[in-house]
1. Being among the basic types (Lys, Arg), surrounded by 14 or more Cβ atoms within 10 Å (Cβ to Cβ) and either at pLDDT below 85 or in a helix (DSSP H, G or I) (or both) is the filter here; which residues of region 47-91 pass it?
2. Do we have Gln44 as outside any helix (DSSP H, G or I), surrounded by fewer than 14 Cβ atoms within 10 Å (Cβ to Cβ), in contact with a Gly (Cβ under 8 Å, 6 or more places away or on another chain) and at pLDDT below 90 here?
Amino acid sequence: MIELSSVAEAEADRAFLRLSQLMSIEQVKVWYDGLFVAIGSLSQMPRRCAMANCHRIIFVIIETEDRAIVRILHVRHASQQTVGDELEGQN
């Protein structure tokens, strides 16, 4: 099961809008669709952490007795700073 946090959803939407200013809408749609394919692929063997080069998907795996939930915490385009770098810049 995959859960997308409201923060991750907002980050994906912001990345879409930001990229649409730099690329054609067709290229951005390909990136956005690929992002959700990558997220969906985490439902199968999430520990492998294989991601496409243009996506950074930060997630945790929550395991219960009967299932595992992959919770998506953050979404980044590979050209963006990492979450830690962004937080350090706010100090």
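1. Just the residues of region 47-91 that are among the basic types (Lys, Arg), to begin with: 47-48, 56, 67, 71, 76.
From what's left, surrounded by 14 or more Cβ atoms within 10 Å (Cβ to Cβ): 56, 71, 76.
Result: Arg56, Arg76.
2. Against the criterion (outside any helix (DSSP H, G or I), surrounded by fewer than 14 Cβ atoms within 10 Å (Cβ to Cβ), in contact with a Gly (Cβ under 8 Å, 6 or more places away or on another chain) and at pLDDT below 90), Gln44 does not qualify.
The values are calculated or read from the model by the stated rules, or taken from the named source; none is laboratory data. Quick caveat, the model's predicted, so the values are computed rather than measured. No Cβ is skipped: glycine too gets one built from the backbone with ideal geometry, and neighbour counts run over all protein chains shown.
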